[in-house]
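Below is one structure; the comments refer to it alone.
The values are calculated or read from the model by the stated rules, or taken from the named source; none is laboratory data. What you are looking at is a predicted structure, and each value in this text was computed from that prediction instead of being measured. Cβ placement follows ideal geometry from the backbone for every residue including glycine, while neighbour counts extend to all protein chains displayed.
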């Protein structure tokens, strides 16, 4: 083989090898660059740290629904979550987490956010003293299409973001997070219990370390502090009764707005149970033959506001219609 031919072949081979190396190197570099870009995109969260329910003590949502302003406020009080607006009712805490998950998914996007307008889609805010964030508030501005929207934080200019939070607020149904059990003051906290039902009525009050039937008792001689009163010797009966109340299941919810409460039999109701200032009132049966009754929970009977209307099963009401004499029946030691 001639020397010229050999050099040509060698140069050609080196060229092919260099080209192959270049392709492999550039392909790998491109992949690394894509990975770096993706990492930067992932890091550009609206919230610089993912938030879970245990981090916060208050959550607020607002939106404009066809011209009607709607607002929900949830607060952690004592040992559980409560809806405090629009009406007070116990809440299943874990049911709030999907809203936080939506906020955690929001990403900031390069680009110009839609121009701010007086009419915004909603508001999302939370208090997080555990994370050093006393208040975090976000105004949900207009959408720009293609899954993008504007969010304004504090006094900063609007940011262009993905629209997960907008969707979550727009689709929010406050009834889905309400608890399936009523939450009452416990035995160690309650100071007054009253019951009215078709078979009678009674009222008991705590006096120091004992419970006294102040209305509806038999008033046996020497046992009451006033005429007609009777001391409940077996205090555990009161505890057991309150536990039965705590087991009352919320079987569903109904719209109790306006004059509909009267049509549900809730004015004044055929059954009423009050612990301190919290009241359960039961109206009339639901007309579908399912053994359900209209009921209303009022967290504070002195605030003058209507409570939350829901459905309760008839079998549960039977367990609560306890006559005054039940508290004085003798029984074995627990």
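A few points about this structure:
- Members of the stretch 45-86 found to be more than 18 Å from residue 140 (Cβ to Cβ), in contact with a helix residue (DSSP H, G or I) (Cβ under 6 Å, 6 or more places away or on another chain) and assigned to a loop (DSSP other than H, G, I, E, B), listed by number: 50
- Residue match in the stretch 257-269 (condition: assigned to a strand (DSSP E or B), closer than 16 Å to residue 312 by Cβ and either out of contact with any helix residue (DSSP H, G or I) (no Cβ under 7 Å at 6 or more places or on another chain) or at pLDDT 85 or above (or both)): no
Each row is one residue, and each column tells you yes or no for (1) over 24 Å from the mean Cα position of the chain (by Cα); (2) over 19 Å from residue 184 (Cβ atoms).
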residue	(1), (2)
275	no, no
279	no, no
283	yes, yes
291	yes, yes
296	no, no
301	no, no
307	no, no
313	no, no
316	yes, no
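- Test: residue in the stretch 95-110 that is modelled with pLDDT of 80 or more and closer than 27 Å to residue 277 by Cβ: yes
- Screening residue 168 on (1) in contact with a strand residue (DSSP E or B) (Cβ under 9 Å, 6 or more places away or on another chain); (2) farther than 26 Å from residue 60 by Cβ shows it passes everything except condition (2).
- There is at least one residue in the stretch 188-210 that is on the phi > 0 side of the Ramachandran plot, in a loop (DSSP other than H, G, I, E, B) and over 16 Å from the mean Cα position of the chain (by Cα).
- Total residues in the stretch 59-74, condition closer than 14 Å to residue 126 by Cα and surrounded by 18 or more Cβ atoms within 10 Å (Cβ to Cβ): 6
- Summed over the stretch 63-84, the residues that are under 14 Å from the mean Cα position of the chain (by Cα) and within 22 Å of residue 167 (Cβ to Cβ) give a count of 5.
- Filter result (within 30 Å of residue 313 (Cα to Cα) and surrounded by 17 or more Cβ atoms within 10 Å (Cβ to Cβ)) within the stretch 148-185: 172, 174, 177, 178, 179, 182, 183, 184
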